[in-house]
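Just so it is clear, none of the values below were taken in a lab; they were calculated from the coordinates. These figures come from a predicted structure and were not determined experimentally. As a convention, Cβ positions derive from the backbone with ideal geometry for all residues, glycine included, and neighbour counts pool all protein chains shown.
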Amino acid sequence: MNELLRLVASALKLSVGDIAPGMTMKTTAAWDSLAHMELVISIEEHYQIVLDGDQIADMTSLAAIIGLLRQKGLLDGA
């Protein structure tokens, strides 16, 4: 999970301490379309996966990203 938070922080050009569980694209000014694609690429490279268009479009919140990675068995937790 810590690595994911670092990936998110890097893509959004924020500190890890600024990453909050309830973050969404709508509520985070730094999370624009360019930052979103940087985040997607970082996640794909780090976790060695390929995300489809629907998955990328659904990744509009930190919770959604965590849920997707857990669904793929890449993060621990319920």
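Only helices enter this figure: runs of n ≥ 4 DSSP H residues, each worth -39500 (n - 2.57), summed and divided by the residues of the chain, yield -16000 deg cm²/dmol at 222 nm to the nearest 500. Summing charges over all other residues whose Cβ lies under 14 Å from the Cβ of Ala9, with Lys and Arg as +1 and Asp and Glu as -1, gives -1.
Placing a pseudo-label 7 Å from each Cα along the Cα-to-Cβ vector at Lys13 and Met1 gives an inter-label distance of 2.9 nm. In this label model, Ala64 and Glu38 are separated by 2.0 nm, measuring between points 7 Å along each Cα→Cβ vector. Quick note on the chain: its Rg to Rh ratio, both from C-alpha atoms and Rh being the Kirkwood radius, is 0.91.
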